[in-house]
Amino acid sequence: MTRIFRFAPSPNGELHLGHARSALLNQRLASESGGRLLLRIEDIDVGRCTPEFEAAIYRDLEWLGVTWESPARRQSEHFDDYQAALDRLKSLGLVYPSFMSRGEMRDHIAARSDARNPWPRDPDGAPLYPDADRRLSRRERTRRIASHAPHAWRLDMQAASELAGDRLSWQESGEGPGGEAGAVPAKPEIWGDVVIARSDIPASYHLAVTVDDALQGVTDVVRGQDLFYACAVHRLLQHLLDLPAPDYRHHALIVGADGRKLSKSRGDTGIAALRESGHTAEEVRAMALEGLE
Ligand code: GLU
C-alpha cells in the first residue's frame, strides 16, 4: 500500500523553523517509503487567514526544497464536506449549541470554583466548557438560535465517549510530551465539550482535520508534539464518523532561545527572515532537522 503523508499549515502567519521541521520530516518519510506527500492549506478561519500568508507558504516550501502534489487542498473550498460530517454528528445527538461568551464563562467558573476546588482545565490550560448549555431544553436552544444569539457547536463529550467506549487508541511512532508511544489509549474526555463548528463555518480544526485526513486517504500524520493530546479528539471523531485511523508520529518541537515554543508572531525564526538575513536553504534545513532522529 502506498503511504500518504501530508503537511497542513494554516495561512495565518509566517512559517517558522518548527513548520520547516514538520514539512521536511514528512518529505523525508514519504520519500524513504516510496510514498506521496500532499499539502493542505488549513484556512477555515477565514478572518485570520490571508492570501498573502498562503502565497508565502508556497514560496517558503519551494525555497526549502519541499515538493508536494498539486493542487493543494484548501479547506475553505470544502465546507460541504465538513457540513455533512457535522450533520451526521447532529443526527447522532452528539452536538449542541453553546452560547456563553468568554466573559460569561469566566463569571460562571469564578462563581463555582476557588483555589481549593479548581475548575478542570484541558491539556492546553484552558478551562473546560461548563455544562449549563448542554442542559438547555430543545425549545430554549431553538429560541436562542432564532433570535440570532451568537453560538458555536460543541461535542457532548460524555455522550460521545460513552458511545465509543474506552477501547480507542492510536498508533504512535513518535512520542508524546510524557514519553507516550506505541498504542496510546485515547482519552478525549480531558478536553471536555470541544468546539466542532461555528455558526458561520461548519467546522473547527478538529472536525476539518479528521474529515480531510480521511478524504485524502492520509495513512501517516506527522506533526508537532503540541498536537499530541488533540489526537484523542481526532480518534474519537474518526470512530463516530466511521473513518479510518491513520498512524501518527508527533515530533519534538523546536524551542526558542528562551525555552518557549516558537510562534508565528516571533519573526526571528521565520523562514523568510532567515532567508533574508542570508542563510542558505541548506543551512535552514539543517537547523530545522537538528536533533531529530
Ligand atoms: N494546521 C495546523 C497548524 O498549522 C496543523 C494541523 C495538523 O497537522 O494536524 O498548526
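The values are calculated or read from the model by the stated rules, or taken from the named source; none is laboratory data. Keep in mind that this is a model prediction, so the values were computed, not measured. FYI the Cβ positions are ideal-geometry reconstructions off the backbone, even for glycines, and counts take in every protein chain you see. Heavy atoms of the whole protein, side chains included, go into the accessibility calculation; ligands, DNA and RNA do not. Shrake-Rupley method; radii C 1.70, N 1.55, O 1.52, S 1.80 Å.
Odds and ends about this structure:
- J(HN,Hα) series, segment 34-49, from Karplus relation 6.51 cos²θ - 1.76 cosθ + 1.60, nearest Hz, glycine and proline x: x, x, 10, 10, 9, 10, 10, 8, 8, 10, 5, 7, 5, x, 9, 8
- Residues whose amide H comes within less than 5 Å of that of TYR129, counting only those at least five positions distant or on another chain, are ASP193 (H built at 1.01 Å from N in the peptide plane).
- Full extension of the chain segment joining ALA281 with PHE99 gains 60.8 nm, where the gain is 0.36 nm per residue of separation less the Cα-Cα distance.
- Relative to the longest principal axis of the Cα atoms of the chain, the long axis of helix 51-64 lies at roughly 40 degrees.
- Relative packing of peptides 115-122, 45-52 - highest average C-beta neighbours within 10 Å first: 45-52, 115-122
- When a 1.4 Å probe is rolled over the protein heavy atoms, the share of accessible surface on the chain that falls to carbon and sulfur comes to 50 percent.
- Rounded tilt (10° steps) of 17-32 against the dominant C-alpha axis of the chain: 70 degrees
- The chain: C-alpha pair distances exceeding 26 Å, %: 49 percent
- Taking the longest Cα principal axis of the chain as reference, the axis of helix 205-215 is set at about 60 degrees.
- Take segment 127-211 with all the other protein chains still there, run a 1.4 Å probe, and you get 52 Å² of accessible area per residue.
- Average projection, convex hull of the Cα set of segment 1-129: 12.1 square nanometres.
- Relative contact order for the chain: 25 percent, from Cα pairs under 8 Å spaced at least 6 residues apart, divided by residue count.
- Taken about its Cα centre, segment 1-122 carries a charge dipole of roughly 480 debye when the Cβ of each Lys and Arg holds +1 and the Cβ of each Asp and Glu holds -1.
- Listed peptides 33-40, 219-226 by packing density, highest first (mean Cβ within 10 Å): 219-226, 33-40
- Using the alpha-carbon positions of segment 170-238, Rg (one decimal) and Dmax (whole number) come out as 12.5, 39 Å.
- Average Cα contact separation per residue, segment 167-259, under 8 Å, 6 or more apart, as relative contact order %: 37 percent
- Net dipole in debye of the chain [+1 Lys, Arg Cβ; -1 Asp, Glu Cβ; about Cα centre; nearest 20]: 860 debye
- A cut-off of 5 Å between modelled amide H atoms, ignoring neighbours fewer than 5 places along the same chain, links GLY224 with HIS251.
- Residue-span extension gain [ASP258 to ALA149] - 0.36 nm each, minus C-alpha spacing: 35.0 nm
- Ellipticity estimate at 222 nm from DSSP helix runs (n ≥ 4, -39,500 (n - 2.57)) divided over the chain, nearest 500: -10500 deg cm²/dmol
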